[in-house]
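First comes the structure, then the notes that go with it.
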Amino acid sequence: MWRDLLAIEFSSIRKEGLSVQIANAIRTAIIDGHLVVEERLPSEAELSERFEVSRSTVREALKRLAAQNLIRSERGSSGGAFVNRITHDEAQESLVTTLRLMIGMNNIAFEEAIESRFTLESACLGLAANRRSDDDLADLRAELQRQRSGSISDEDFCASDVAFHSIIGRSTGNPLLAFQMAGAVEAMQPLMNMLVYRLRDRQRIADLHAAIADALEAKDADAAWQHLEALASYTRELADQRRAPRLNGPKVGNGAAPEPASV
């Protein structure tokens with residue numbers, strides 16, 4: 001137990017925002033691996049004594065950590081606060097939320113979002129071509145069938161688009177790549193689709209998706225990359241079409257044209 005206490009940085013705690021600082025100190029100990037998954041944290045009384053704060057302040061800090069899914073509380077004689085094991089779904093939800101906030105708050109330009117999203121997928125294609133399973137191919141074909149349906153809504157087409165590219169990430173057989181790819185596509189693709197859905201040609205997109213799936217089935221990474229690059233170019237083309245009316249529209253302010261749109 002005292003080893004657990006020594007793993008937490010106590011000396012840097014100031015007297016303002018104490019619960020936040022305590023939560024950050026424990027969070028750092030968890031992230032750095034000093035407090036491991038399923039390890040029991042010191043009691044509220046012990047933390048209160050070492051941090052020289054009230055138990056209510058410690059309790060508030062633990063609530064903050066629980067809200068971040070970093071710890072969980074268990075009742076009973078053997079209970080207490082334990083370092084939590086974050087699930088894949090929880091981690092991905094956090095990643096998607098963070099990326100959407102960054103993009104949605106205009107901290108990332110549309111062009112940069114496109115570049116990062118397709119660069120990541122390009123890095124997946126070599127592994128996906130070599131490791132894709134029959135189930136992966138079947139799932140890609142199922143999404144293609146959905147996309148070619150004349151009655152599919154824009155929302156459902158977008159969802160199928162996200163699923164198609166997430167399957168490519170899964171096809172790498174690398175859980176970290178699959179996680180990053182699914183998170184990036186889920187965060188960025190709906191926003192990109194929302195901006196260009198009025199301009200896009202669904203049939204053209206489905207054809208490019210089909211070409212990528214065919215290349216992966218043939219284990220031809222180069223062909224898959226070429227078709228993905230064509231899809232990236234088409235996405236940029238749509239973005240340029242969307243921006244054109246703004247750039248060519250009335251002058252504003254000091255006579256300068258409006259800035260190119262960000263996501």
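Side notes on the structure shown:
- Scanning the stretch 155-189 for residues that are among the β-branched types (Val, Ile, Thr) and either assigned to a helix (DSSP H, G or I) or without any contact (Cβ under 8 Å) to a residue 12 or more places away in the chain (or both) yields Val162, Ile167, Ile168, Val185.
- For the stretch 123-160, the tally of residues that are touching a helix residue (DSSP H, G or I) at 6+ places or on another chain (Cβ under 6 Å) and not hydrophobic (A, V, I, L, M, F, W, C) stands at 9.
- Gly126 out of contact with any His (no Cβ under 9 Å at 6 or more places or on another chain), closer than 29 Å to Leu70 by Cα, small (Gly, Ala, Ser) and not assigned by TED's automatic domain parsing to the domain that holds Gln68: no
- Complete set of residues in the stretch 40-70 that are touching a helix residue (DSSP H, G or I) at 6+ places or on another chain (Cβ under 7 Å) and part of a loop (DSSP other than H, G, I, E, B): Leu41, Pro42, Val53, Ser54, Asn69, Leu70
- Pick from the stretch 49-84, criterion among the acidic types (Asp, Glu) and more than 19 Å from Thr28 (Cβ to Cβ), ranking: nearest to the chain's Cα centre (by Cα): Glu74
The values are calculated or read from the model by the stated rules, or taken from the named source; none is laboratory data. The structure presented is a predicted model; accordingly, all values stated were derived computationally and were not measured. Positions of Cβ are backbone-derived with ideal geometry, glycine not excepted, and every protein chain shown enters the neighbour counts.
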